[in-house]
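The values are calculated or read from the model by the stated rules, or taken from the named source; none is laboratory data. Because the structure is a prediction, the values reported are computed rather than measured. Cβ placement follows ideal geometry from the backbone for every residue including glycine, while neighbour counts extend to all protein chains displayed. For accessibility, only protein heavy atoms count, side chains too; no ligands or nucleic acids. Shrake-Rupley method; radii C 1.70, N 1.55, O 1.52, S 1.80 Å.
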Amino acid sequence: MTAALLAVHAPPVPAQSTLTQDNGAPVGDNQNSQTAGAQGPTLLQDVQLVQKLQRFDRERIPERVVHARGTGARGEFTATADISGLSRARVFSMGETTPVFVRFSSVVHGTHSPETLRDPRGFATKFYTQEGNWDLVGNNFPTFFIRDAMKFPDMVHAFKPDPRSNLGNDARHFDFFSHVPEATRTLTLLYSNEGTPATYRHMNGSSVHAYKLVNAAGDVHYVKFAWKSRQGTRNLDATQAMEIQRSDFSHMTRDLVAAIERGEYPRWDLYIQVLAPEQLASFDFDPLDATKIWPDVPERKIGEMVLTQNVGNFFQETEQVAMAPSNLVPGIEPSEDRLLQGRLFSYADTQLHRIGSNGASLPVNRPRVAVNNGNQDGAMNPGQSTSMVNYEPSRLAPRQSPPHARRSTLALSGSTQQLPIARQQNFRQAGELYRSYSRKERADLARNFGSALANADDVSKHLILSYLYKADPEYGGAVARIAGGNLQRVSALAQSLTD
């Protein structure tokens, strides 16, 4: 294990040590409050009591709006291929080993929700590279429900409990998604057995979005990243998930922690798909649409990751780790994906809200390289800056901006607009996904989807069914039978859809 990986942990507390207050002063009695005599009231001057209650009242930080329930572990990533022709990022230098922190999570449900619930799963990796931290923040699904960040708050609101009762309400989900045909493929994933993975170890991951890799010459290629589990993949059907939930609300966390404790370290291989900029126009859909995969684009393995260390303190690491797609390093840049563009702001902003303006200096978030800029002050600032120069440029204390860290250029033309993307193709990939499933997996999907859709209002139900029917008539028909849909009406609605 590298020194950089171990350095983030505080030294162990000795077995015999003095109990102290937060100011370091020893505590004389931590069992009894100070009182005015044997029968009198408690005294406000009992600073140990007051401090304990004050700190207890403030133990919680705001829960993440999405990805609230998470599980973290540490390990290393090793680059196994020379891709210097694609990227100048040092993390991809052949043989380079980089410490990582991985946070797995459920997306919609809250901090204490059962891990058996149907949900996409987050797969976020923080690479502590020699050029700063790079966060690859993705999911176990390779596609997402929406393609424009404008709809992200609406989508999450629709998935969350009914604000009147705080209870789940399928009718709200499908009311929203009946207006979002591009969600058809990802809804298929959600209601398939892939929506209930068996363990985090037996789960793949995806960047979902396309990114740009930039080489030393400034050449740009578009890439998608994919983690492939060395353990294989395993999912639960609805009956299996229900059986596990009866006895264990934390089966995915328990499995990961136990595997690492017994030395059965989970491993993933990192693959990329690559497109040259001129290839983007050759598809009959927009390749930068987050609701799409890149079929028939070859995959190339570029690295391996192993998780070898459970967290030392759940709150200090798993809860306070701040993952954001905006954490990029030279050689890795965002694409023009409309959903990713919104996430660049939103994820970093929510971490500023949750853990404060100096959250990046917490041990779990601190880069392994020195941070050197004029950002200053704010709550809980642990810095030791003594320079009078907190601005730039300066000749008194100059800070250089190396040319290799400049972003690539993108030629632009035209006027501003607020219009949907031109090449949508909302249903074809959903049909291909359905036909890739086994007979049992198709039956499970139809049962899961149909049972939930039966709770939708009549119009939303038939619109959703028409999307599924357009993707594959067998698929739409199977779900319609369980949801109580009118197949003739579904077929007629599907005929009016274009793809």
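For segment 386-499, a Kirkwood radius taken over Cα pairs fed into Stokes-Einstein (25 °C, viscosity 0.890 mPa s) yields D = 134 µm²/s.
Between segment 448-499 and segment 252-302, what is the separation of their alpha carbon centroids in Å? Centre-to-centre (Cα) distance: 30 Å. Mean residue ellipticity at 222 nm, helices only, the chain: -8000 deg cm²/dmol; runs of at least 4 DSSP H residues each add -39,500 (n - 2.57), and the sum is divided by the number of residues.
Can you send over the carbon and sulfur percentage of the accessible area for the chain, probe radius 1.4 Å, protein chains only? Intermediate values should be presented prior to the final figure.
Numbers: 13090 of 25120 Å².
Here carbon and sulfur together make up 52 percent of the probe-accessible area.
Calculate the length of the line joining the C-alpha centroid of segment 335-382 to that of segment 121-160, in whole Å. Result: 16 Å between the Cα centres. Available extension along the chain between Arg55 and Arg354 is 105.9 nm, counting 0.36 nm per residue and deducting the alpha carbon span. Considering only Pro120, Met155, Asn166, the residue lying farthest towards the positive end of the dipole of segment 113-166 is Asn166, judged by Cα position with unit charges set on Cβ.
Computed from the C-alpha gyration tensor, the three semi-axes of the ellipsoid equivalent to segment 44-156 are 35, 24, 13 Å, from longest to shortest.
The label point for Ala454 and the one for Ala422, both projected 7 Å from the Cα toward the Cβ, are 4.5 nm apart. Between Arg164 and Ser113, residue separation times 0.36 nm minus the direct Cα-Cα distance comes to 16.4 nm. The listed peptides 391-401, 455-465, ordered by packing as a protection proxy, come out as 455-465, 391-401 (highest mean of other Cβ atoms within 10 Å first). Using every pair of distinct Cα positions in the chain, the Kirkwood expression returns a hydrodynamic radius of 25.2 angstrom.
Sorting 262-274, 218-230 by their mean Cβ neighbour count within 10 Å, with the most densely packed peptide first, gives 218-230, 262-274. Accessible surface calculations at 1.4 Å, restricted to protein heavy atoms, place the chain at 50 Å² per residue.
Each peptide in 205-214, 280-289 was scored by the mean count of other Cβ atoms within 10 Å over its residues; highest first, the order is 205-214, 280-289.
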